[in-house]
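To keep things clear, I will list the structure first and then write my remarks on it.
Each value in this text was obtained by applying a stated rule to the coordinates, not by laboratory testing. Computed from a predicted structure; not experimentally measured. Cβ: placed from backbone, ideal geometry, glycine included. Neighbour counts: every protein chain shown.
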Amino acid sequence: MQQDSVMFSDESPTLSDLVAHSAPEGGGEEQSLEDHLRGVAEKAAGFAEALDAAEVARWLGWWHDAGKVHGDIQAYLRGRGESKDHSSVGMLKGREAATPAPGLCCAGHHGGLFDTDDFEGRCQRAERRTHVPEALERAERLLAPVAKGDMNAAPTLEGPHGEQAMQLEMWTRFVHSALVDADFLDTEQHFNSDEAALRTVTRSPKSLLDDLEADQRERFGPPQSEVDRVRDEIYRAALDAANQAPSLFSMAVPTGGGKTRSAMAFALKHAAAHGMKRVIVALPYTTIIDQNAGVYRKVFGDEYVLEHHSAVDRSDLSTEEERKRVLASENWDVPLVVTTTVQLLETLFSDQNSRLRKLHRYAESVIVLDEVQSVPAPLVEPTMWALRELTRRYGASVVLSTATQPDYGPVGHFEATRIIPKGAGLYDRMKRVRYETAVDEEWSEARVAEELCTEEQALLVCNTVADAQRMARATPEARHLSTKLCGAHRDEVLCEVKDDLKHGRPVRLVATQVVEAGVDISFPLVMRDAGPLDAIIQAAGRCNRNAERERGRVVVFRLEDGKCPPPPYRTGRDIAIGLLQEGINLHSPNAARRYYRQLYDKCPTDEYGIQALRQRFAYERVAEAYRIIRDDTFAVVVDYEDGMDRLDAACDAADYLDYVPPAHWQRLRPYTVTLRSWLHEEAFSEGMVTEVAPDLWRWDGRYDDAYGLQWESPAAEAQVW
């Protein structure tokens, strides 16, 4: 190896003489700069094939660490001197490119994408740091004989200027993803080859489809009831539709129609038919993810279902399979991912490398966005634009799946191909409930409780936590379910309720929306305080779900002194009440379309100006604006089961390490309740919460065995969930 001083002599070394990474701690050789740049270039180019961006990605691979040619940085890599910026060299070189991608991606390959308003300022500041121009001149000479790729490669853009700008903005984000993942993987191979060896994909969508088909035959057999026949027809229709060309698809299935299995059947067969690499299923709530992932695990086996969301416990890394899952969650290089709507969609608009690393895996994937109606109205326009773009330019198919299919007409031309043929009459054949609407007058607590007690098994869904708690107290022997209960507590309540339902025991449950979408429970009577139309229909899906009787009852009423969250929730409720007063047929799929047409006419569908920010390549501001959950939240650990014991263990670890290790965070999550930031501030001022370790909060108020976290706060009264 040449000495550092040679760097500035007339006999400059080659890239193979320079260091990209020091030797692993366990022993081994340094990684040469040429090996690293070449490795990243080829990996990134391979990832970017699906993006039509292989050549610019290959260029990025060669230039992202080009600043490491400088003697000072080489000295640091060998244990002498201080670290210096090495990303700005590629940024300055990429400044000359035809698109912003080369400069942005090189500059952000460690820190993430940034707003381009300051790109030129960054370049000028870099030029004033003496070592950067020196390194750029040297890199141009050293890379010339070996580097490949084309920094001027660009996608074909279409449409008006603003549309083209958004196409380029999204393409840049995908190219950045390919670079970041390639850099991580090549570095991991050098420092931790054992971990890298665990990154193996052993199943294909076709093999998973074979498992699903075999399970379908074994588990269900010939349909016996009308409900079974409808579910079978939906499943077969999904398979029949799977050979269609990749596109934006809609899958409107009535509640109880077997959407979970049918959507997966379509996705796997569609992926197999078109050589697509994976299926990504996104759901809005972790409770539904746990349920659906459980179905998939029974079919495919634990090791082939990657759950990626905050509630997954990854604290036990003693098995190879669990370590594989942890690695797979970093970049989704697996055939089946089950994740949250938040994770899926916010990644599309993110500026952070930890999220963006997996983004390029969306290309050539089948993405099932289940319960699509849960996308907040203020984000519908940028969301639908991005999903459509995935199907137009990235070889992906997107399935918009729900029982209450929105009408996206008011927010642009987003025509979707139907998976279930129109005119199949499924909604009429799946009529399992009778709607009774009483929204012209308000019902007192006593009247609601009396109606709920007309059945031994009944469900009441309220618009807010406060209303759900007071109605549970007003109803004899009622159980309560909301996010005021920690996750472990909610799971226990749901388990008990399901057991009571299964064995015919009396059970009355008073809940918030946490029980509505996708939760597999069935009551003969469901009562719903008037809310948005999709919420009413979703609540009805918890009634007579498996046709246990000829008709269940769904009673929609207005609760006296009932609270309602702010718009767009309140807007949706008001529209729904108007439609109900007109006598709308809730059994018809057209009901949801009428409702969403009015909702999107009244609510801004790009309320935060995200599309305009994207046209300015303002990556940081886009990421800040595109948030499914608008408010910052704090998780507080509550005194339930062994939550306090786990908290003590986390505090002991934090005392030693000065931070809470991820494994302890995972073990604590089932015992936490989330507070909005303003509620957390109020609780802190009243001495209800204590920070017991960095960013780790303990709830010091009361935690009730029936109602969970208890605190009288006017600000909390309109909290949904």
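Net charge near A511: determine it from the other residues with C-beta under 12 Å of the C-beta of A511, scoring Lys and Arg +1 and Asp and Glu -1.
Details: positive: R479, K484, R490, R508, R528, R542; negative: D467, E516, D529.
Computed value for this residue: +3.
Given the rule -39500 (n - 2.57) for each run of at least 4 DSSP H residues, summed and divided by the residues of the chain, what is its mean residue ellipticity at 222 nm, to the nearest 500 deg cm²/dmol?
-13500 deg cm²/dmol
Would you please give the residues with an amide H less than 5 Å from that of A438, counting only those at least 5 places away or on a separate chain, with H modeled from the backbone geometry?
Distant-sequence amide H within range of A438: V556, F557.
With just the Cα atoms defining each centre, how far is region 269-310 from region 529-552? Give it in Å.
Using only Cα atoms to place each centre, the spacing works out to 26 Å.
Find the Cα radius of gyration of region 407-532, compare it with 2.2 N^0.38 Å by division, and give the number to two decimals.
Details: Rg = 17.4 Å, N = 126, 2.2 N^0.38 = 13.8 Å.
So region 407-532 has a normalised radius of gyration of 1.26.
Residue farthest toward the positive end of the dipole of region 4-194, with Cβ of Lys/Arg at +1 and Asp/Glu at -1: which of L104, P24, V180?
L104
Taking Cα atoms, how many degrees apart are the long axis of helix 320-331 and the longest axis of the chain, rounded to 10 and kept between 0 and 90?
Taking the Cα atoms of the chain, the angle to 320-331 is about 80 degrees.
For V281, which sequence-distant residues (separation of 5 or more, or a different chain) have an amide H within less than 5 Å of its own amide H, given hydrogens modelled in the peptide plane?
Answer set, sorted by chain and number: V337, V338, T339, V368.
Skipping prolines and chain starts, which residues have an amide H placed within reach, meaning under 5 Å, of the one on V253, given they are 5 or more residues away or on another chain?
For V253, the qualifying residues are T402, A403.
What angle, in degrees between 0 and 90 and rounded to the nearest 10, separates the Cα long axis of helix 589-602 from the longest principal axis of the Cα atoms of the chain?
The answer is roughly 60 degrees.
Along the positive direction of the dipole of the chain (beta-carbon charges: Lys, Arg +1; Asp, Glu -1; about the Cα centre), which of P246, A386, A612 reaches farthest?
P246
Express the Stokes-Einstein translational diffusion coefficient of region 4-194 in µm² s⁻¹, to the nearest whole number, given a Kirkwood radius over alpha-carbon pairs, 25 °C and a viscosity of 0.890 mPa s.
Numbers: Rh = 16.9 Å.
This corresponds to a translational diffusion coefficient of 145 µm²/s.
Using 25 Å as the Cα-Cα cut-off, could you pick out the over-long pairs in K259/K498; K277/K358; K259/K324; K431/K498? All intermediate terms of the calculation are to be shown ahead of the outcome.
On the way: K259/K498 20 Å; K277/K358 13 Å; K259/K324 29 Å; K431/K498 23 Å.
Correct reply: K259/K324.
Among V673, V146, what is the fewest-to-most ranking by other Cβ atoms within 10 Å?
V146, V673
Based on alpha-carbon centroids, what's the gap between region 59-94 and region 129-150 in Å, whole number please?
If we compute the Cα centre of each part, the gap is 10 Å.
What list of ³J(HN,Hα) values in whole Hz, one per residue of region 656-666 in order, does the Karplus curve 6.51 cos²θ - 1.76 cosθ + 1.60 (θ = phi - 60°) give from phi, with Gly and Pro shown as x?
With coefficients 6.51, -1.76 and 1.60, one gets 7, 9, 6, 7, 8, x, x, 4, 6, 4, 4 Hz.
Taking the Cα centroid of region 615-679 and of region 359-429, what is the distance between the two, rounded to the nearest whole Å?
Here the answer is 31 Å between Cα centres.
Putting +1 on Lys and Arg Cβ atoms and -1 on Asp and Glu Cβ atoms, find which of T464, I521, G504 reaches farthest to the positive end of the dipole of region 462-561.
Among T464, I521, G504, the one farthest towards the positive end of the dipole of region 462-561 is G504.
Under the Kirkwood approximation applied to all pairs of distinct alpha-carbon atoms, what is the hydrodynamic radius of the chain in Å?
Answer for the chain: a Kirkwood hydrodynamic radius of 27.7 Å.
Report the gain in length on full extension from D655 to A273: 0.36 nm times residue separation, minus Cα-Cα distance, nm rounded to one decimal.
Residue separation times 0.36 nm, minus the Cα-Cα distance, leaves 132.1 nm.
When ranked by the protection proxy of mean other Cβ atoms within 10 Å per residue, highest first, what sequence do the peptides 55-62, 285-292, 119-126 form?
55-62, 285-292, 119-126
Nearest 10 degrees is fine. How inclined is helix 286-300 to the longest principal axis of the chain, computing both from alpha carbons?
With rounding to tens, the tilt is 80 degrees.
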